[in-house]
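Novice: Structure below; questions to follow.
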Amino acid sequence: MRHRWISVLICAAVSAAATTACGTGGASQTADGKTELTIATFNEFGYEELFAEYEAAHPDVKITQRKTGQGQPHHQNLFTKLGAGSGLADIEGVEEGYLSQVMSKASQFNDLKEIGPKIEDGRWLDWKTQAVTTKDGKLIGYGTDIGPLAMCYRKDLFEQAGLPSDPEGVKALFATWDSYFAAGDQFVAKVPGVAWFDSAAQVYNAMHNQLETGYYDKSDKLVVDTNSAIKANWTTVTSAVAKGQSARLGAFSNEWNTGFKLGKFATKTCPSWMLGVVETQAGPENKDKWAVTDAFPNGGGNWGGSYLSVPKQSKNAKKAAELAAWLTAPEQQIKAFKAKGTFPSQVKALDAPELLEQTNAYFGNVKAGALFATQAKKIKAAQYKGPADGQIQETVFSPALQSVEQGKNADEAWATAVEGAKKAAK
Amino acid sequence: MSNVDAKISPYLFVAPFFVLFAAVGLFPLLYTAYVSLFDWEVGADEPGFIGLENYRTLFEDDQFWNALFNTFSIFVLSSVPQIVIAVVIAALLNANLRARTGWRMGVLLPYVASLVALTIIFGNLFGPQYGLVNDVLGIIGIDPIDWQASTFGSHVAIASMVNWRWTGYNALIILAAMQAIPRDVYEAALVDGASALRRFFSITLPMLKPTLIFVIVTSTIGGLQIFTEPKLFEPSGGSGGGTEHQYQTVVLYLYQSAFQGLDLGYASAIAWVLFLIVIAVAGLNFFITRRAVR
């Protein structure tokens, strides 16, 4: 890296003034001779108590956690410091949405198969590991948690529309996307003023991730305009929008929150962590109205979840990989799940009694742990993601679908999306 | 005092400013120009030198011209009413009022509030489906406006945030200038029989000229760099500035290129073009104001 001296210069100036924020990988011995391992996480990984446990078992290791509140600034920091060539923690958390960008810079991360300890085969769900394995077989990260998709729905509104509303009865409606949208037609005809789903992008992204080939083919060629399955999904979703099935509420916007409170849509694509979001946004006044069932159109899907990676910058890569491997073992992940509800990606953890017995009071005491474990096993394979995949989903296709909800012609919006994808992939 | 001391000390005394400016002002400015000549992606191993290619792409980039249009549109919708109203408010505050300090502090209150909080509240008020503004419009019989989908609507909404925040601040600066105008000029005009309006246009405005130039130039610099308001207008919407970039400003596009597209070279080119535009427009405003208000 030719321009490293500049970042070194800036680092020197900054760390003289503030704390030692730079070059952590370098001087990583504490005063009493312990090896200091830094781990950078975001949101809640639920590791706090595990660190203490690990330090007790490994007296020569001191763990420092750098915790960022949100995923976006964490990953911005990750990419910036990858570029600067220094400043990253020994272990960096990577969220699934940013994984494609990380994989395109795989050369800057350690191959954990090479430096990590021997790990039993089949620790993780296959698709979880597939997604973080490079084409030449390098393992860039250890899986932590996942977000298996199920379907959340409003019982009371289903009854109003004359649809079945018990968790078993609704499964037929959520068998395929065809049956899902057909039920949507029936629903909006019966219940005026309430839509079938919250926003087009939320449904489209789930459909898209089920495709065998996504925006890129395996040789990293952008296939947005030649992969006819993408256009087919686009047409299906936008025609559902035209028929009034969408509440036209962008996910996580203020209006979306209000939509939950007012009960403006009847179904929601629900990864495991979404249950908490629904509870917060819909509030106590809608308790027992929301239900969740272990069915998802066309099988299953995943939204969210993370990995632990060890950048090449790390001076203690071997020890860092050991810690990461230990943290992502099923026994530890179950403890993190109990602490913060991060849903495990480890096969053994999915059968743990602690998980299977977990219930959710807001959703009528449903056995949420067992339900999402079932959903996790339905996912067949991870779709190959090209370098700009995450960006195409977030900044091109989602806004384009929203523009259709705002009244733009679906064909024109498609043209914009294809052009935007090409620009993002450049 | 030694000779050396007398020669060198003054420079040492002023040095802190210049050293800091060189480190955090001048160096980034020049380094940005340097980066803009590369195809420099964040995390790339070996950025390639491409000369002025980034600038050429930029001038052919529809999204950039769209962002530039949005920036100017929001700038005009905010600065023009803002300064006119600020002058009027200043004139009112300059009159004999009870509890004068209270009123004067009152107009400054919006400036004290946190910009982020303000933006989120305004974003809520201008919500397309459940926003208060549309509810009120509904009462007086106007159809709801999709403040996020409509280009003009979103510009009005964002400009209203800027106006809310900065009008009072500018009014106070203008008020201070008004109070510096000598009383005897007004008294002479009064003796000559000039009306209140005539006194305002023939005395107050011309004598406010230096202050107006200052206010207009600073609001040009600020207005063309507008970022927080469009970024947080719809916080969940990322940095695109609307589904079709209806309200994406130049700085927002810069931010998106740098931190979502991770294309530092391109973002640096945007930064430099914006820098030149700001200088040009601020200069233009300076000359227009100087000529127009005599």
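The values are calculated or read from the model by the stated rules, or taken from the named source; none is laboratory data. Since the model is a prediction, treat every value here as computed from it, not as a measurement. Cβ atoms come from the backbone with ideal geometry, glycine included; neighbour counts cover every protein chain shown.
Novice: Output the qualifying pairs, or none if there are none: Cβ atoms under 8 angstrom, residues six or more apart or on different chains, first residue in region B:261-285 and farther than 22 Å from B:Val217 by Cβ and away from chain A (no Cβ under 14 Å), second residue outside any helix (DSSP H, G or I) and of a type outside the set (A, V, I, L, M).
Specialist: B:Ala269/B:Ser36
Novice: On to the next question. Out of A:Gly26, A:Gly93, report the one residue that is modelled with pLDDT under 95 and either away from chain B (no Cβ under 14 Å) or in a loop (DSSP other than H, G, I, E, B) (or both).
Specialist: That would be A:Gly26, the only listed residue that is modelled with pLDDT under 95 and either away from chain B (no Cβ under 14 Å) or in a loop (DSSP other than H, G, I, E, B) (or both).
Novice: Which of the following residues is part of a strand (DSSP E or B), aliphatic (A, V, I, L, M) and either without any contact (Cβ under 8 Å) to a residue 40 or more places away in the chain or outside the structural domain of A:Cys270 (by TED's automatic domain parsing) (or both): A:Leu308, A:Leu355?
Specialist: A:Leu308
Novice: With the structure loaded, tell me whether A:Val237 is more than 16 Å from A:Thr416 (Cα to Cα), in contact with a helix residue (DSSP H, G or I) (Cβ under 7 Å, 6 or more places away or on another chain), within 14 Å of chain B (Cβ to nearest Cβ) and not aromatic (Phe, Trp, Tyr) or whether it fails that test.
Specialist: No; evaluated as a whole, the condition is false for this residue.
Novice: Sticking with this structure for a sec: For A:Glu405, indicate whether it is surrounded by fewer than 20 Cβ atoms within 10 Å (Cβ to Cβ) and within 13 Å of chain B (Cβ to nearest Cβ).
Specialist: no
Novice: Could you list, in sequence order, all residues of region B:273-294 that are closer than 23 Å to B:Trp40 by Cα and either surrounded by 20 or more Cβ atoms within 10 Å (Cβ to Cβ) or under 15 Å from the mean Cα position of the chain (by Cα) (or both)?
Specialist: Within region B:273-294, B:Leu274, B:Phe275 qualify.
Novice: Can we say B:Thr289 is touching a residue at least 40 places away in the same chain (Cβ under 8 Å) and under 30 Å from A:Ala201 (Cβ atoms)?
Specialist: no
Novice: Condition (residue is under 18 Å from the mean Cα position of the chain (by Cα) and under 30 Å from B:Gly237 (Cβ atoms)) applied to region B:88-110: is it met by at least one residue?
Specialist: yes
Novice: So, in region B:222-243, of the ones that are among the β-branched types (Val, Ile, Thr) and more than 7 Å from chain A (Cβ to nearest Cβ), which residue ends up farthest from the chain's Cα centre (by Cα)?
Specialist: Looking at residues that are among the β-branched types (Val, Ile, Thr) and more than 7 Å from chain A (Cβ to nearest Cβ), I get B:Thr228.
Novice: Now for a separate question. I'd like to check something: does region B:193-211 contain any residue that is within 20 Å of the chain's Cα centre (by Cα) and buried (at least 17 other Cβ atoms within 10 Å of the Cβ)?
Specialist: Checking region B:193-211: at least one residue is within 20 Å of the chain's Cα centre (by Cα) and buried (at least 17 other Cβ atoms within 10 Å of the Cβ).
Novice: Of the conditions (1) out of contact with any Gly (no Cβ under 7 Å at 6 or more places or on another chain); (2) under 30 Å from A:Tyr47 (Cβ atoms); (3) in contact (Cβ under 8 Å) with a residue 60 or more places away in the chain, A:Thr133 fails just one. Which one is it?
Specialist: A:Thr133 satisfies every listed condition except (3).
Novice: A:Asp351: modelled with pLDDT of 95 or more and acidic (Asp, Glu), yes or no?
Specialist: Judged against the criteria, A:Asp351 is not a match.
Novice: Might you check whether a residue that is within 14 Å of chain A (Cβ to nearest Cβ), in contact (Cβ under 8 Å) with a residue 12 or more places away in the chain and out of contact with any Asp or Glu (no Cβ under 7 Å at 6 or more places or on another chain) occurs anywhere in region B:156-167?
Specialist: Yes.
Novice: Consider A:Trp177 against the criteria (1) surrounded by fewer than 20 Cβ atoms within 10 Å (Cβ to Cβ); (2) under 19 Å from A:Trp326 (Cα atoms): it satisfies all of them except one. Which criterion is unmet?
Specialist: If we test A:Trp177 against (1) surrounded by fewer than 20 Cβ atoms within 10 Å (Cβ to Cβ); (2) under 19 Å from A:Trp326 (Cα atoms), just (2) comes out false.
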